[in-house]
Amino acid sequence: MKFIPRRPTGNINVTKTSAIREFLALAGGLLAIILVLYLSLGVAVEILVPHLSAGIEQAMAVNLLPRMMGKEIDDTKSRELQPLLDRLQEHCTKLPYHCTIKVSSSPKVNALALPGGTILIFSGLLDTLTSENELAFVLGHEMGHFAHRDHLRGLGRGLVFMAISTALFGPHNQINRLAARFLNLTELSFSRHQETAADHFALEVLHCTYGHVGGALTFFEKLAAAKHSRYNKISFFSSHPLTPERVHDLQVYSRQRGFGSGKLTPLRDNL
Amino acid sequence: MGDLTIFLLLLALGYGAGTWAEKRHYRSIMEREEQLLHLPTITTKKVELDDSKVERAVLVVGSVVISVDYFKRLLAGLRNIFGGTIKSYETLLDRARREALLRMKEKAHGASMIINVRIETSTVGKRAFKGKLGSVEAIAYGTAIKMKS
């Protein structure tokens, strides 16, 4: 057999293809699947939340609360504030469970509604408040989230979404992080409607307890002032966005319901 | 936002640098293949040769380690989800095999032929132990025969 030196024509082992086009198709497809999953999750959560019993919620809370509350719980302050919360929920709200208040020693200016009826309030927020009415407004607002079960909606979607993306790709991957970026925004705008509803609830509670709604607006004015001076970042606004529309809505709602302003009850100094 | 910027930068860098390196490598491979075309390189284990005419028979080995770039690795990762041919690794392995063969041929400088040629591949690097592709090694070896002139 004669040896003829000859190069093969073409390369069968390498497919001629556009890597960028393949990347866009795959990444786009993946994002689309995640988006569809996410949207259907949102629908699923909406269907599920009203049917979730208080018992199941509290069972869930057992596992979630320690992680969500952190370690800096001030038990003394928490006990001192509990009577106020009890007063608010006893006559003026119909919640499926008894709410408890926990004070966290943290400079954060924020309050959260945690599953199972726990209101977590940071001492940073407590420090900016001067009257009991303002505190009652904050508590009423968080109770509004309980009444409308907003805290579960936010939690449910977040939890299920994270679970799925983690199951698919493991906890640390860029695709997951990238997708989460886009989806957080939807969650925020979703919250804005709920904030207004919770505000209305808080106004009702305030009026029912004190006979007037004084303190509600001063609370927002104070936070807005603090935003510009003392604190660089008021985290209350990141979970409870403050917009001119929201303040305006508070005024309009008070006027419609005939809620007036009145004398404020001062907060005790040691709080 | 910082994470995303770094991610996109890595992606662009991976694509740019990876494409450039690949083109350069292929140019070099083509040139050297042309130069070494005259050397018969076959997989046959035994060849009918007159023993008295064989001057020397030695083992020649050529090996190379090539890494895949960030962009292609990500592309392969996406492909892993949906399945199908991982085209982004094809050039990597093709280059590795041909480069290993070329190095082997270069090693056999002056030989009349190389017989019993085999090619093997393996993955190297930290990621390889987790079942992922880090870098790929191709190793080509054979028996170089030099005939008496």
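Derivation of every value follows stated rules applied to the coordinates shown; laboratory data play no part. On a predicted model such as this, the values are computed, not experimentally measured, just so you know. Every residue, glycine as well, gets a Cβ built from its backbone with ideal geometry; the counts of neighbours run over all protein chains shown.
Shown here are the Rg and Dmax of the Cα trace of region A:1-144, at 28.8, 104 Å. The antiparallel fraction among DSSP beta bridges confined to region B:2-147 stands at about 95%. In this structure, the amide hydrogen of B:Met147, modeled 1.01 Å from its nitrogen in the peptide plane, lies closer than 5 angstrom to those of B:Glu55, B:Ser112, counting only residues at least 5 positions away or on a different chain. Springs join every pair of Cα atoms under 10 Å in this Gaussian network model of chain B, and among B:Lys105, B:Lys87, B:Lys53 the largest mean-square fluctuation is at B:Lys53. Computed over chain B, relative contact order equals 33 percent, with contacts defined as Cα pairs under 8 Å that lie 6+ residues apart. For B:Lys126, give me every one of the aspartates and glutamates with a C-alpha distance below 16 angstrom, ignoring sequence neighbours fewer than eight places off in its own chain. B:Lys126 reaches B:Asp69, B:Glu137.
Largest first and in whole Å, the equivalent-ellipsoid semi-axes of chain B read 39, 16, 11, each the square root of five times a Cα gyration tensor eigenvalue.
The calculated FRET efficiency for B:Lys23 paired with B:Lys46, based on their beta-carbon distance and R0 = 35 Å, is about 0.30. Placing a label point 7 Å from the Cα of B:Ala12 along the Cα-to-Cβ direction, the residues of region B:47-71 with a backbone N closer than 20 Å are B:69-71.
The distance linking region A:74-114 with region A:209-224 is 18 Å (Cα centroid to Cα centroid, whole angstrom).
With R₀ fixed at 25 Å, the C-beta to C-beta distance from A:Ser261 to A:Gln82 puts the FRET efficiency at about 0.40. Near B:Leu37, within a Cβ-to-Cβ distance under 9 Å, what is the net charge of the other residues, with Lys and Arg +1 and Asp and Glu -1? Computed value for this residue: 0. Near the amide H of A:Ser106, within less than 5 Å, lie the amide hydrogens of A:Ser123, A:Gly124, all on another chain or at least 5 residues away, with H placed in the peptide plane. Set against the 2.2 N^0.38 Å expectation for a compact globular protein, region B:27-113 has a Cα radius of gyration ratio of 1.50.
Distance between the 7 Å Cα→Cβ label points at B:Met147 and B:Val124: 3.6 nm.
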